[in-house]
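Novice: Once you've had a glance at the structure underneath, I'll fire off some questions.
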Amino acid sequence: MLMHHLTVPPIPTAPPAIAQAPRLHVAIISDGNGRWATSRGLPRSAGHRAGAEAARRVIEAAPRFGIRTLTLFALSSANWKRPAAEIQAIMRLLHEYLLTETTQCITEGVRLSIIGRRDRLPDTLRQTIVDSEAATAKGARLHLRLAVDYSAREAIYHAACRFYKVTELSPESFSNVLAEVHRGGSTEVDLLIRTGGEQRLSDFLLWECAFAEFVFLQKRWPEFTAADLDAAVKEFSRRERTRGALPDAIAE
Ligand code: IPE
Ligand code: MG
């Protein structure tokens, strides 16, 4: 048994420090739109509109902080439990965003992908998604992934079903199948930010967050600024990421 343990291959060397090679994947659970609106005597839909503005600010600022992939949780599959009018308002905002921002995305080198189920979206929105993805496909500065009607469990389940057809079975090939299910790819999350005070993952990127760092903020999403994103990335860069190995100082 002991001999067996000794033959385990060495742990791969740590990736270069973030400060030298910032190519981060930041995922955001943008929570608190409804409470932001209600506390101001506004309808919840006004909170979602203000949330879309916050998303615009963050998307624009992200590349400056070394972020190369940004995944925003726009609509969870669990949100279907909400009143139809609220879901429709969110769908309308998303459609509006795609129609008005696609040109801007092309100019700014933003590649847009939508991850999540598409079969429950309105036909017109589905078509706009396909058009926006095609139009922005060459963007190399930022990969913006909007999670819409998204459930990580469901994505993993579908990937597992497809996995039977893959000849070479390994964690890597499973990741590749999951990336196909996502369409917008699947990459490890470095930093997960959740606004709105709750501290949970809510069925978001379960596989990809295996080694993510978490930052939870009380602030509601419509109040989130580029400075908050900067502060979260700085907090992330102060954390020691060992991925189960020993910290450098002890391992030497
Ligand atoms: C997050 O804000 C946005 C979406 C889920 C679309 P909420 O709508 O969950 O806002 P709260 O949590 O009710 O304040
Ligand atoms: Mg919420």
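The values are calculated or read from the model by the stated rules, or taken from the named source; none is laboratory data. As the structure is a prediction and not an experimental result, all values here were calculated from the model. Cβ coordinates were reconstructed from backbone atoms using ideal geometry, including for glycine residues, and neighbour counts include every protein chain displayed. Note: areas computed on protein heavy atoms with side chains; ligands, DNA, RNA excluded. Shrake-Rupley method; radii C 1.70, N 1.55, O 1.52, S 1.80 Å.
Novice: Please give the helix 84-107 orientation as an angle from the longest Cα principal axis of the chain, in degrees from 0 to 90, rounded to the nearest 10.
Specialist: Value to nearest ten degrees: 70.
Novice: Another question about this same structure. When N counts the residues of the range 38-159, how does its alpha-carbon radius of gyration compare numerically with 2.2 N^0.38 Å, as a ratio?
Specialist: Numbers: Rg = 14.6 Å, N = 122, 2.2 N^0.38 = 13.7 Å.
For the range 38-159, the normalised Cα radius of gyration comes out at 1.07.
Novice: To continue, here is another question. Probe radius 1.4 Å, ligands and nucleic acids left out: which of Ile250, Ile106, Ile129 has the largest accessible area, and how do the rest follow? Before the final figure, lay out each step's value.
Specialist: Working: Ile250 115, Ile106 90, Ile129 0 Å².
My answer, sorted largest first, is Ile250, Ile106, Ile129.
Novice: Over the chain, give the accessible area per residue in Å² for a 1.4 Å probe, as an integer.
Specialist: Numbers: 13880 Å² over 252 residues.
Solvent-accessible surface per residue comes out at 55 Å².
Novice: Net charge around Arg120, counting only other residues with Cβ within less than 14 Å of its Cβ (Lys, Arg = +1; Asp, Glu = -1)?
Specialist: On the way: positive: Lys81, Arg82, Arg117, Arg118, Arg126; negative: Asp119, Asp123, Asp149, Glu154.
Summing Lys/Arg as +1 and Asp/Glu as -1 gives +1.
Novice: Quick check: net charge around Val181, other residues with Cβ under 11 Å of its Cβ, Lys/Arg +1 and Asp/Glu -1? Don't jump to the answer; show the numbers that get you there.
Specialist: On the way: positive: Arg117, Arg162, Arg183; negative: Glu154, Glu180.
So the surrounding residues net to +1.
Novice: Starting from the range 93-177, pick out the GluC sites (Glu not before Pro) whose DSSP state is loop and whose Cβ has at most 16 other Cβ atoms within 10 Å. The partial results should precede the final answer.
Specialist: On the way: sites: Glu96, Glu101, Glu108, Glu133, Glu154, Glu168, Glu172; in loops: Glu108, Glu168.
For GluC sites (Glu not before Pro) across the range 93-177 that sit outside H, G, I, E and B with at most 16 neighbouring Cβ atoms in 10 Å, the list reads Glu108, Glu168.
Novice: If you don't mind, there's one more thing I want to ask. Which value, in Å² and to the nearest 10, is the accessible area of Thr124 when all protein chains are kept and the probe is 1.4 Å?
Specialist: 90 Å²
Novice: Counting only C-alpha contacts under 8 Å and six or more residues apart, can you give the relative contact order of the chain as a whole percent?
Specialist: Values: 372 pairs, mean separation 62.8, N = 252.
Averaging sequence separation for qualifying contacts and normalising by length gives 25 percent for the chain.
Novice: As a check on your grasp of the helix formula, calculate [θ] at 222 nm for the chain: sum -39500 (n - 2.57) over DSSP H runs of n ≥ 4, divide by the residue count, round to the nearest 500. Could you put the intermediate results ahead of the total?
Specialist: Numbers: 9 runs with 107 residues, N = 252.
Value at 222 nm, helices only, nearest 500: -13000 deg cm²/dmol.
Novice: Here is a further query. Each residue of the range 33-43 in order: what ³J(HN,Hα) in whole Hz does its phi give by Karplus 6.51 cos²θ - 1.76 cosθ + 1.60, θ = phi - 60°, with x for Gly and Pro?
Specialist: Residue by residue, the range 33-43 yields 4, x, 5, 4, 5, 4, 5, 9, x, 9, x Hz.
Novice: I'd like the chymotrypsin sites (Phe, Trp or Tyr not before Pro) in the range 94-170 restricted to DSSP loop residues with at most 13 other Cβ atoms within 10 Å, sorted by number.
Specialist: On the way: sites: Tyr97, Tyr150, Tyr157, Phe163, Tyr164; in loops: Tyr164.
Of the chymotrypsin sites (Phe, Trp or Tyr not before Pro), the ones in loops of the range 94-170 whose Cβ has at most 13 other Cβ atoms within 10 Å are Tyr164.
Novice: Angle between the Cα long axis of helix 171-182 and the longest principal axis of the chain, 0 to 90 degrees, nearest 10?
Specialist: The two axes meet at around 10 degrees.
Novice: When the chain is fully extended, how far beyond the present Cα-Cα distance does Arg200 get from Arg118, taking 0.36 nm per residue of separation?
Specialist: Length gained between Arg200 and Arg118: 27.0 nm.
Novice: Would you please name the GluC sites (Glu not before Pro) within the range 205-243 that are DSSP coil residues with at most 10 other C-beta atoms within 10 Å of their C-beta? Don't skip to the end; give the middle numbers.
Specialist: On the way: sites: Glu208, Glu213, Glu223, Glu235, Glu240; in loops: Glu208, Glu240.
For GluC sites (Glu not before Pro) across the range 205-243 that sit outside H, G, I, E and B with at most 10 neighbouring Cβ atoms in 10 Å, the list reads Glu240.
Novice: Moving on to the next point. Over the chain, with every protein chain in place, what whole percent of the accessible area is carbon and sulfur at 1.4 Å, could you tell me?
Specialist: Values: 7880 of 13880 Å².
The nonpolar share, carbon plus sulfur, comes to 57 percent.
Novice: Once the Cα atoms of helix 226-238 and of the chain are each reduced to a long axis, what angle between those two axes, in degrees from 0 to 90 to the nearest 10, is obtained?
Specialist: That works out to roughly 10 degrees.
Novice: Further question on the same structure: Just to check, using Stokes-Einstein with a Kirkwood Rh over alpha carbon pairs, what's the diffusion coefficient of the chain at 10 °C and 1.306 mPa s in µm²/s?
Specialist: Working: Rh = 19.5 Å.
Rounded to a whole number, D works out at 81 µm²/s.
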